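Scroll down for the structure; my scribbles are underneath it.
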Amino acid sequence: MDMQQKLQQLLDKQEMTELMYKFARALDRVDGDLMKSTYWEDAIEEHQDPIFPELFFYNDNAHQFVEPAMEGFRALKATQHRISNPLIEINGDTATAEAYVWAYHVHEQDGVDKEGILGGRHHFRFERRDGVWKIKHRSTVFDWNQNQNATAIWADNFSDKYRGKRNRQDDSYNYISI
């Protein structure tokens, strides 16, 4: 591979890595439009959540999954998804990848806040069409999960201005538009 090919591969890998990050952001900000923008219209979403297996089980068209996913995430009080260790293999206009995911969810059960913390790996198939990479297939496997009463303490005088929002009112939209 010459330097130009290596550089193109690096740029392609960065574009796919940012798609993974945008996907996580879409879940945490409950941004269905952003989530859809990461998938091709004929993409497949496949996974089952170990904490909420009936609520989050899907193996079908990714765009059709977005609205039920957003509805489910709106029901949660807080979420945060971290993507790390992406390994990407490119073969022409297709690519496969594995990335670690750490997910934190807070939900209320019988008047008590509960934390669900998950560790697993996203597996991706990407396709480049007309020079643009998007997800063609995503599946998730979970390696562990932890469930407990929430332990967060928020001071009474903590300003709402500095609390993350789960929509486009989040301060991050003042800095980046995606």
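Within the stretch 1-51, how many residues turn out to be outside any helix (DSSP H, G or I) and either of a type in the set (Asp, Glu) or open to solvent by 70 Å² or more (accessible area, probe 1.4 Å) (or both)?
9
In the set Tyr58, Tyr39, which member is touching a helix residue (DSSP H, G or I) at 6+ places or on another chain (Cβ under 7 Å) and under 14 Å from Thr140 (Cα atoms)?
After applying the criteria, what remains is Tyr58.
Taking the residues in the stretch 142-153 that are without any contact (Cβ under 8 Å) to a residue 40 or more places away in the chain and hydrophobic (A, V, I, L, M, F, W, C) as candidates, determine which candidate is most open to solvent (accessible area, probe 1.4 Å).
Only one residue tops the list, namely Ile153.
Based on this model, can you work out whether Ala103 counts as out of contact with any Phe, Trp or Tyr (no Cβ under 7 Å at 6 or more places or on another chain), outside any strand (DSSP E or B) and aliphatic (A, V, I, L, M)?
Spelling it out, it is not the case that Ala103 is out of contact with any Phe, Trp or Tyr (no Cβ under 7 Å at 6 or more places or on another chain), outside any strand (DSSP E or B) and aliphatic (A, V, I, L, M).
List, please: which pairs have Cβ atoms under 6 Å, are six or more places apart or on different chains, and start with a residue in the stretch 11-34 that is in contact (Cβ under 8 Å) with a residue 40 or more places away in the chain and end with one that is polar (S, T, N, Q) and open to solvent by less than 40 Å² (accessible area, probe 1.4 Å)?
Leu19/Thr38; Lys22/Thr38; Phe23/Thr38; Asp28/Thr79
For Arg121, state whether it is among the charged types (D, E, K, R), without any contact (Cβ under 8 Å) to a residue 24 or more places away in the chain, assigned to a strand (DSSP E or B) and more than 18 Å from Phe73 (Cα to Cα).
Here the answer is yes, as Arg121 does meet what is asked.
Kindly indicate the residue of the stretch 73-110 that is among the hydrophobic types (A, V, I, L, M, F, W, C) and in contact with a Gly (Cβ under 6 Å, 6 or more places away or on another chain) and also nearest to Asn147 (Cα to Cα) among those meeting that condition.
It comes out as Trp102.
Could you tell me whether the stretch 74-90 includes any residue that is buried (at least 17 other Cβ atoms within 10 Å of the Cβ), in a helix (DSSP H, G or I) and touching a helix residue (DSSP H, G or I) at 6+ places or on another chain (Cβ under 7 Å)?
No, there is no match, as no residue in the stretch 74-90 is buried (at least 17 other Cβ atoms within 10 Å of the Cβ), in a helix (DSSP H, G or I) and touching a helix residue (DSSP H, G or I) at 6+ places or on another chain (Cβ under 7 Å).
The values are calculated or read from the model by the stated rules, or taken from the named source; none is laboratory data. Keep in mind the model is a prediction, meaning the values are calculated, not measured. Cβ atoms come from the backbone with ideal geometry, glycine included; neighbour counts cover every protein chain shown. Surface accessibility is based on the protein's heavy atoms, side chains included, excluding ligands, DNA and RNA. Shrake-Rupley method; radii C 1.70, N 1.55, O 1.52, S 1.80 Å.
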